[in-house]
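Read the structure below first, then the notes.
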Amino acid sequence: MENIKSWTAEDEAIIATNTDATECKRCAVELGYWKDDYISYFVRHVDRKAPEINRGYYARVRAMEIFIHQFLERCGTKCQIINLGCGFDTLYWRLKDTTQAVGNFIELDFPAVTSKKCHIIKRNKQLLQKIANEDGEVMIREGDLHSDGYHLLGCDLRCLAEVRRKLAAAGAGPHAPALVLAECVLVYLRPDAADALLRHLAAAFPRCALLVYEQCNLGDKFGEVMVRNLSARGCVVAGARLAGSPAAQAERLAALGFDAARAWDMEAVWRSFPEEDRARVEALEMLDERELLLQLNSHYALCVATRGDIFADMDLNA
Ligand SMILES: C[S@@+](CC[C@H](N)C(=O)[O-])C[C@H]1O[C@@H](n2cnc3c(N)ncnc32)[C@H](O)[C@@H]1O
């Protein structure tokens with residue numbers, strides 16, 4: 001029997017951050033920042049966002065993709081991807097359209113989010129046909145969607161026993177290399193819960209890479225405003241844990257059981273993109289406030305932590 005949980009107002013506010021992320025991604029896709037044939041199934045209408053927001057999302061999505069491809073280049077597609085706090089992320093379908101569809105793709109989020117995602121998948125043939133088996137079927141068990149190579153699981157990441165149980169039910173294990181994604185998720189967990197989760201994952205997967213995209217440098221004035229804005233919306237975030245620089249965050253990750261970790265703020269990430277790529281993106285929209293983009297970029301970081309020699313050379317410019 002599943003536990004019947006009641007969600008707090010804080011949980012509801014956290015769940016709503018998925019709508020924001022999906023709307024921002026759809027807006028940027030519509031403006032031509034990157035291609036995503038699937039995002040429009042998950043959110044219908046969006047208002048236009050500020051150019052700085054669109055540019056920020058571009059760097060976030062592209063940076064994640066760069067490292068996802070580095071991971072797949074090193075270990076091939078007989079691997080597992082575990083997407084923590086997946087929201088309405090479309091990565092599974094985007095990879096499915098390339099030669100890089102992976103062996104086992106596992107997505108975890110609150111049941112309120114996964115049940116909506118499941119509903120949208122079942123309603124849209126273009127999404128469903130990339131998941132279903134040859135008979136066009138998917139299995140729904142205890143509210144979770146299971147198919148050959150794709151699992152969408154409702155669970156609270158703060159509850160380690162539940163995470164372990166769900167991952168086991170989805171066939172995750174140490175037999176294959178694992179890529180763990182945490183895109184704007186861990187910030188919503190209390191530091192001890194985030195640490196316990198990552199420590200468990202590092203121990204469970206001897207060959208793995210973890211990508212964490214989240215805030216950094218929150219100790220300064222701009223960072224304090226970011227924390228205040230989030231808490232005004234009802235999200236109590238792990239502000240103190242994210243007060244440090246990207247390097248401090250990498251150190252923290254390494255101490256949780258990874259062999260190595262590196263991190264960059266998003267300004268460094270943006271500058272690492274090829275010049276023609278930056279020029280294309282810069283031509284899409286005029287920036288109203290260049291200073292605001294710089295501030296935003298220096299308050300978000302991408303961290304990469306790895307276990308296993310095969311992933312030791314994953315780097316921004318590898
Ligand atoms: C800002 S959204 C990001 C969604 C997706 N990773 C992306 O970048 O598009 C944060 C997601 O983390 C999920 N989340 C936060 N805390 C969680 C928890 N304790 N258990 C499960 N999911 C959680 C939220 O429900 C939400 O879908």
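Tabulated values for the structure
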| quantity | calculated |
| --- | --- |
| Every pair of residues 6+ apart whose Cβ atoms lie under 7 Å, when the first sits in region 218-241 and is under 19 Å from E12 (Cα atoms) and in contact (Cβ under 8 Å) with a residue 24 or more places away in the chain while the second is loosely packed, with under 14 Cβ neighbours inside 10 Å and of a type in the set (A, V, I, L, M, F, W, C) | G234/A9 |
| Selected residue (criterion: farthest from the chain's Cα centre (by Cα)) from residues of region 140-169 that are away from the ligand (no atom under 12 Å from the Cβ) and over 18 Å from L128 (Cα atoms) | E142 |
| Failed item in (1) assigned to a loop (DSSP other than H, G, I, E, B); (2) within 16 Å of the ligand (Cβ to nearest atom); (3) without any contact (Cβ under 8 Å) to a residue 40 or more places away in the chain, with F88 passing the rest | (3) |
| Any hit, region 66-77, residues being out of contact with any Lys or Arg (no Cβ under 6 Å at 6 or more places or on another chain), surrounded by fewer than 19 Cβ atoms within 10 Å (Cβ to Cβ) and of a type in the set (D, E) | yes |
| Failed condition for E107, given (1) within 26 Å of G173 (Cβ to Cβ); (2) more than 10 Å from the ligand (Cβ to nearest atom) | (2) |
| Condition met for T77 (on the phi < 0 side of the Ramachandran plot, outside any strand (DSSP E or B), more than 10 Å from the ligand (Cβ to nearest atom) and without any contact (Cβ under 8 Å) to a residue 12 or more places away in the chain) | no |
| Residues of region 101-157 satisfying the condition of being in contact (Cβ under 8 Å) with a residue 60 or more places away in the chain, part of a loop (DSSP other than H, G, I, E, B) and under 26 Å from T8 (Cβ atoms) | F110, E142, G143, D156, L157 |
| Flag if E23 is in a helix (DSSP H, G or I) and either modelled with pLDDT under 95 or within 11 Å of the ligand (Cβ to nearest atom) (or both) | yes |
| Single residue of region 26-56 satisfying the filter (hydroxyl-bearing (S, T, Y) and buried (at least 19 other Cβ atoms within 10 Å of the Cβ)) that is nearest to Q215 (Cα to Cα) | Y33 |
| Sole residue being among the β-branched types (V, I, T) and away from the ligand (no atom under 13 Å from the Cβ), chosen from I66, I15, I39 | I66 |
| Scan of region 175-199 for residues that are over 19 Å from C86 (Cα atoms) and surrounded by 23 or more Cβ atoms within 10 Å (Cβ to Cβ), ordered by number | P177 |
| Tally, over region 92-123, of residues that are farther than 15 Å from I81 by Cβ, surrounded by 18 or more Cβ atoms within 10 Å (Cβ to Cβ) and in contact with a helix residue (DSSP H, G or I) (Cβ under 8 Å, 6 or more places away or on another chain) | 4 |
| Of the criteria (1) within 19 Å of the chain's Cα centre (by Cα); (2) within 25 Å of W34 (Cα to Cα), which one K130 fails | (1) |
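The values are calculated or read from the model by the stated rules, or taken from the named source; none is laboratory data. What you see is a predicted model, and the numbers here were worked out from it, not measured in a lab. So basically every Cβ, Gly included, is an ideal-geometry build from the backbone, and we count neighbours across all protein chains shown.
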